[in-house]
Amino acid sequence: SLSDRLSATFKNLRGKGRLSEADIDGTAREIRRALLDADVAVPVVREFIAKVKARALGSEVAQALNPGQQVVKIVNEELVGILGGQTRELAFAKNPPTVIMLAGLQGAGKTTLAGKLAHHLKNQGHTPMLIACDLQRPNAVTQLQVGGKRAGVPVYAPHPGVSSEFEAATGDPVQVATDGLAEARNKLHDVIIIDTAGRLGVDAELMRQAADIKAAVGAHETLFVIDAMIGQDAVTTAQAFNEGVDFTGVVLTKLDGDARGGAALSVASVTGKPVMYASTGEGLKDFEVFHPDRMARRILDMGDILSLVEQAEANWDRGEAEKMAKKFADQEDFTLDDFLGQMQQLKKMGSMKKLLGMMPGAQGMRQQLEQFDESSIGRVEAIIYSMTPYERNVPKVINGSRRARIAKGSGVHVSEVNQLLERFTQAQKMMKKMAGGGGMPQMPGGGG
Ligand code: GDP
Ligand code: MG
């Protein structure tokens, strides 16, 4: 995964200053590969990387991050932005019914989606009706009727019931759409969903038909349905439908398969239209409101790194970090108070083991992590609080009798005080080595 591959670029322990070209290049190279692996169209990848590089160059590295992570953060923000930023829901018409039309290639999943979307809207308290306007494909009307029945939503189909299993319905799809709209008005349905025909490739006549239906019913939303497995063809197909029917949103289907969803980025990037829903299977419930941030993770295949970046940023106490950085800059000694502060910082960061377990390049810390027991922080606090300020500042004065007093004061055995001081000495050495550092919290030693 990208997470593994990126570990090499995440060696630096903390960020400082501004991102240089060298900082950006390694990470950008891996991001490019990840996007291509996710089947994002080549020109889209190229444009995306250029944009990220331009934005990253010279930008400041957040204190909690290293340069590689900072680039990842920028990549993620750009991805989420292109995918539409926030989840976009349907815009309902002031005067119902709201007219939703589906468009897309044959086999994209329009008819299946029609049932799911109807079901979803019904669950939200709407009273949808489906309209069968695919009169091209044998069985298309029946398929929609089956879907409608499963969803518990009525289906308006051309009269008389022409369609047998093997015969395409006849009639004019534009007429069916307008008749269906009239029927929905009569029966007070507040939303209609129009299923349309598609071809295996982009086809001028069918595109015109879709545009005619759209104009005749005054669609409020036109959803472009696209198979996530479409790969590099996403760009040309999306452009053709964007020009042909000027869709308002995108639905990505078959996300239950292997596709990482690069098509979402391709389509959103070349059309500027938001992805609104995702279909993840053949069942009625295999349907999701689209979340740009989750999709960004899926496309990059690096949700774990992003979680780490976010948590590190959210939890890292800037003041504490700055104090520490200053201490090193001034070449002051690392004291037991600092040690305690770091431990408390770790506690704040929540499940540190899990966090660092996720961080590529943290292998060196992993062993210390194994020993780190959050529940022991309370004992460490008790021991350190039993020391005098002088002892905490000049730990080397803590001799045998002082240890005994501290143990007694904190209610632990002397051996625990010894252990803690031993760990402190290790941490002190580590901090010395890192002088000039102080960004990411360093493990001050294990507990347990
Ligand atoms: P349409 O030609 O655009 O109307 O596409 P259909 O709705 O008829 O779907 C084509 C095929 O894809 C059918 O066999 C569906 O069962 C299947 N399908 C649709 N959506 C999904 C999905 O999200 N996941 C999977 N695995 N199959 C899907
Ligand atoms: Mg269909």
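Values computed for the structure shown
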{"quantity": "Backbone N under 17 Å from the ARG29 label point (7 Å along Cα→Cβ), restricted to region 58-89", "calculated": "67-69, 71-72"}
{"quantity": "Cross-link table LYS51/LYS254; LYS51/LYS73; LYS396/LYS429; LYS116/LYS254; LYS149/LYS273; LYS187/LYS285, entries beyond 20 Å C-alpha to C-alpha", "calculated": "LYS51/LYS254; LYS149/LYS273; LYS187/LYS285"}
{"quantity": "Gained length - LYS94 relative to ASN393, 0.36 nm times residue gap less alpha-carbon distance", "calculated": "100.7 nm"}
{"quantity": "Calculated FRET value between GLN86 and ALA404, using beta carbons and R₀ = 56 Å, to 0.05", "calculated": "0.40"}
{"quantity": "Beta bridges by DSSP in region 153-301, antiparallel share as percent, to the nearest 5", "calculated": "25"}
{"quantity": "Inter-label distance, nm, simple model (7 Å from Cα along the C-beta direction), GLU183/ALA215", "calculated": "2.5"}
{"quantity": "Percent RCO, i.e. relative contact order, over region 98-290, from Cα pairs under 8 Å lying at least 6 residues apart", "calculated": "25"}
{"quantity": "Stretch gain in nm, segment LEU57-GLU77, where the contour uses 0.36 nm per residue and the Cα spacing is subtracted", "calculated": "5.7 nm"}
{"quantity": "Environment charge at GLY148 (Cβ cut-off 13 Å; Lys +1, Arg +1, Asp -1, Glu -1)", "calculated": "+3"}
{"quantity": "Förster-model FRET efficiency, 35 Å R0, ASP337 and SER20, C-beta, rounded to 0.05", "calculated": "0.50"}
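Bear in mind these aren't lab numbers, they're just calculated from the coordinates by the rules spelled out. Keep in mind it's a predicted model, so treat the numbers as computed, not measured. So basically every Cβ, Gly included, is an ideal-geometry build from the backbone, and we count neighbours across all protein chains shown.
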